[in-house]
Amino acid sequence: MDDKISLIMQEKKRFLLPMLIFLLVFYFMLPLSLAFFPEAMGRMSIIPGLSWGWLYTFLQIPMTWLLGWMYHQKSKKFDRELEEIRRKGLQ
Amino acid sequence: MNLTYFLFFICIIVCTLIITYWAAKRSTTTNRFYTTAGSLTGFQNGMAIAGDFISAASFLGIVGTIAINGYDGFLYSIGFLVSYLVVLFLIAEPVHHLGKYSLGDVVCSRFPGIEMRWMMAIGTFMISIFYMIPQLVASGFLLRLLLDIDYSISVAVIGGLMTVYVVFGGMVATSWVQIVKTIVLMSGTFLLSLIVFSHFNWSMTDFMQRVQEGTPLGEQFFQPGHLFGNPLEFLSLQLALVLGTAGLPHILIRLFTVRNSLEVRRSLMSATWIIGLFYIMTLVLGLGTVAILGYHTLIGADATGNLAAPLLAREVGGDFLLAFISAIAFTTIVAVVAGLVISATTAFSHDIYHHILKKGKSTEKEQLVAARWTALGIGLISTLFALRLETINVTFLVSMTFVVAASSIFPVLLLTIYWKRFNKIGAITGMLSGLLASVTLLLLGPNIMNVDGGWIQREAVIPLYNPGIIAIPLGFLGAMIGTLAARKEKKDNAEFREFFKRAQTGSGRESA
């Protein structure tokens, strides 16, 4: 039983770590790119009327929602598996 | 003050007092008083978290900052939003599984002991009080600006209300006041945003054109670099913002008010949706202020730009809408300060009184009485402080809260949950070094030491307004050095594995 729980926790770690790294890189690239490439960030992006700086800033908001949702979906799966193990343990 | 204003305010005060009365009848056990006995749903708690988090500084301050500085003002709010993912990924579920009422419970579930509890209680208490007093001071100024009420009367009214909510209704009243606040705040800003768009016949091009005409920055308004000139300063601020929320006790204790980890995640996801949408609306309002009123009218009314939203409301909707927006600002303040009172109260009455002074042996009734008296004491003392501190610069105390939280409570929580070798000495040195480093750096920084107008009229030793980039690593470093220095025998890994399992799954808690 404990082994199964450890397996789930390892899987969770494998899932969470890349997400966390992506989050930090994606977020901190914003201030860094503004500091080091201000001109490029001020140029018009692929969306008319919106510069790269604005586009990147706006993207942080759906990024937050999306990552939160992905984490939530994956966690639901972990919760189900843990529940299964617990039930078996009780039997 | 005319009748419209008066009616709006009376309406809010009466509504929240009804909530408190209803909550008081339900706050009969410590579990209910401190955490509503986990009775909130994820979505309700998400609204309460948003209500706890969005201060009047966000609502009025960010609208004003966007109106003045354009792009950079909006950047400010992004850090606040993204910080919730750090909480969700790393801190939220373990905190929910390990703690009962306070952050002291969380850390003490791994490192039991009086010293540890003292440290967590002091950290929580300091952060909550340091955040509450500037909020109260700001509220005094705000009501004076909006309604022409005397500073002391405004502070006394808000201080009195927050105390009443918490003393009688505990977390139940606090949560519902925060939920109501989120509903009125979101609907009010949504309404105002729609009015702004309709002002330009729903044409974005027209809107943006008028923004450029309204600001002295012209086209430059949409370019970065008006607020944050120094990249290091900017990065440091972003670091404190993104990690700070994961160390704010008044937000984290809200995670005890739901039933299970599913609801914890739902709480935080709802909160990110509400806060994200809110910041998009503040952007509309900020741009709307520049486009409709123009920069000079805004600065003419108040140099800080804090009056942007109220002035915009008056311009597009007359006195009635202004009264409505002022009432929203008022609700915003009381909801935030009530959340801070309950978090400071829990640290004192649960951690210090119950666990340290009474060694965990006080009865349910004694604890409840102690909690109510503590809330009364904290409410009164903070109100008195706020009355005396009318002249201090409050903005730095607010940014200080994020730096202090990110460099003391956040490292200790993170390492407690995830670091196998972490030990009690490390946790204590981590808290101490984080607290000392952040406070010292702020004292040596240009907020206090400034050639023009600082408390100490000298060149600042540390030229950073936001010392997060130095203080946060120092907090972690303190914790690690303490851990390594104190390590005597090699502990077996089984104990940590058990703890880690409990943090991630809550397994030990349910069987206990």
Sole residue being at pLDDT 80 or above, away from chain A (no Cβ under 11 Å) and under 30 Å from B:Leu464 (Cβ atoms), chosen from B:Gly247, B:Gly214 | B:Gly247
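Where residues in region B:351-366 are hydroxyl-bearing (Ser, Thr, Tyr) and outside any helix (DSSP H, G or I), which of them is least open to solvent (accessible area, probe 1.4 Å)?
B:Ser362
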Consider B:Ile179 carefully, then state whether it is touching a residue at least 40 places away in the same chain (Cβ under 8 Å), assigned to a helix (DSSP H, G or I), open to solvent by 10 Å² or more (accessible area, probe 1.4 Å) and not hydroxyl-bearing (Ser, Thr, Tyr).
-> no
What are the residue pairs meeting all of these: first residue in region A:1-20, first residue more than 8 Å from chain B (Cβ to nearest Cβ) and over 17 Å from A:Glu83 (Cβ atoms), second residue open to solvent by less than 70 Å² (accessible area, probe 1.4 Å) and in a helix (DSSP H, G or I), Cβ atoms under 8 Å, and 6 or more apart or on different chains?
-> A:Phe15/A:Lys74
Give region B:272-310 a look and list any residue that's aliphatic (A, V, I, L, M), without any contact (Cβ under 8 Å) to a residue 40 or more places away in the chain and out of contact with any Leu (no Cβ under 6 Å at 6 or more places or on another chain), or say none.
-> B:Ile280, B:Ala303
What helices (runs of 4 or more DSSP H) lie completely within chain A and have 1 or more residues being open to solvent by less than 30 Å² (accessible area, probe 1.4 Å), closer than 20 Å to B:Thr272 by Cβ and touching a Gly at 6+ places or on another chain (Cβ under 7 Å)?
-> A:52-90
Evaluate the following for B:Leu287: is it modelled with pLDDT under 85 and open to solvent by less than 50 Å² (accessible area, probe 1.4 Å)?
-> no
Which one of these does B:Ile62 not meet: (1) more than 18 Å from the chain's Cα centre (by Cα); (2) in a helix (DSSP H, G or I)?
-> (1)
B:Phe348 being open to solvent by 10 Å² or more (accessible area, probe 1.4 Å), within 15 Å of B:Met186 (Cα to Cα), more than 14 Å from every other protein chain (Cβ to nearest Cβ) and assigned to a helix (DSSP H, G or I) | no
Matching helices (runs of 4 or more DSSP H) fully within region B:81-157 where at least 1 residues are of a type in the set (Ser, Thr, Tyr) and crowded, with 19+ Cβ neighbours inside 10 Å = B:114-147
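Filtering region B:50-82 down to residues that are away from chain A (no Cβ under 13 Å) and of a type in the set (Val, Ile, Thr), which residue is nearest to B:Leu262 (Cα to Cα)?
B:Ile54
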In region A:32-83, which residues are more than 7 Å from chain B (Cβ to nearest Cβ), acidic (Asp, Glu) and either closer than 19 Å to B:Glu93 by Cα or touching a residue at least 24 places away in the same chain (Cβ under 8 Å) (or both)?
-> A:Glu81, A:Glu83
Tell me, please, whether a residue that is outside any helix (DSSP H, G or I) and open to solvent by 10 Å² or more (accessible area, probe 1.4 Å) can be found in region B:393-403.
-> yes
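The values are calculated or read from the model by the stated rules, or taken from the named source; none is laboratory data. All values reported here derive from a predicted model rather than from experimental measurement. For neighbour counting, all protein chains shown are included, and Cβ atoms are generated from backbone atoms with ideal geometry for every residue, glycine included. Ligands, DNA and RNA are excluded from the accessible area calculation, which covers all protein heavy atoms including side chains. Shrake-Rupley method; radii C 1.70, N 1.55, O 1.52, S 1.80 Å.
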